[in-house]
């Protein structure tokens, strides 16, 4: 009851982390004979934790990353071709501090996008600003933004975020404007910000996507310099799941009567 007058004051100061734990901390202080300063320190820790969690949630929402596709959720046993020790090293996000790039190549369904997303999630947890987009959609958004007046704002996000994840490079040959936009993104970020790129094309085929030899050479030279390249081989997760389901269905069917 003595602490009750604090509640409206804490709410007015937007200290809801303290509001939520005030009763628990007051009981703890009484039972453990905490000093006023120790009691206050606990309340401040609760408030800081709430603010950190709120900032983390906001950064995830702004990034476009999937919070469910983490390294913990990745099935390394189903992807024996993945260098697990390298992935764990990259998960420290030292590559972001060094402004290195990560290139993930391999056929459809082997886990490239999941791994890329998981590494981006690790960067968000370390308070880096992250933006994740499908490359075809992003280039289409850039084109549309020129007509709506939103181009400068979108461009600023692309070149200033600490880590940019571009998924599905090479799904289709780029138009001249799209190729120019991608080159400018790569060039602006080169040795200043990190980039993760996923593609189902082999590295030797990447130049074909630009349909401009000179632009392709300049872009790929910058992209692959200071880059960690992971080539993932194997069957598609989705195809394996379908085969398992089909096998399970066949096993469950009753044997034909004689």
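The values are calculated or read from the model by the stated rules, or taken from the named source; none is laboratory data. All of these numbers come straight from a predicted model, not from anything done at the bench. With ideal geometry, Cβ positions are generated from the backbone for all residues, glycine too; neighbour counts draw on all protein chains shown.
Structure data summary
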quantity	calculated
Residue match in segment 99-106 (condition: within 30 Å of residue 230 (Cα to Cα) and not assigned by TED's automatic domain parsing to the domain that holds residue 230)	no
Where residue 192 falls short, out of the listed (1) at pLDDT 95 or above; (2) surrounded by fewer than 21 Cβ atoms within 10 Å (Cβ to Cβ); (3) not in a loop (DSSP other than H, G, I, E, B)	(3)
Some residue of segment 226-245 being in contact with a strand residue (DSSP E or B) (Cβ under 9 Å, 6 or more places away or on another chain), within 26 Å of residue 88 (Cα to Cα), modelled with pLDDT of 65 or more and not in a strand (DSSP E or B)	yes
From 166, 223, 182, 171, residue being outside any helix (DSSP H, G or I), assigned by TED's automatic domain parsing to the domain that holds residue 108, touching a residue at least 24 places away in the same chain (Cβ under 8 Å) and closer than 21 Å to residue 100 by Cβ	166
Flag for residue 97 being surrounded by 12 or more Cβ atoms within 10 Å (Cβ to Cβ), in contact with a helix residue (DSSP H, G or I) (Cβ under 7 Å, 6 or more places away or on another chain) and outside any loop (DSSP other than H, G, I, E, B)	no
Selected residue (criterion: modelled with the lowest pLDDT) from residues of segment 12-54 that are exposed (fewer than 12 other Cβ atoms within 10 Å of the Cβ) and closer than 24 Å to residue 123 by Cα	53
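Results for (1) at pLDDT below 95; (2) outside any loop (DSSP other than H, G, I, E, B); (3) surrounded by fewer than 20 Cβ atoms within 10 Å (Cβ to Cβ); (4) not assigned by TED's automatic domain parsing to the domain that holds residue 188, shown as yes or no for each residue.
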site: 58; (1), (2), (3), (4): yes, yes, yes, yes
site: 68; (1), (2), (3), (4): yes, no, yes, yes
site: 85; (1), (2), (3), (4): yes, yes, yes, no
site: 117; (1), (2), (3), (4): no, yes, no, no
site: 145; (1), (2), (3), (4): no, yes, yes, no
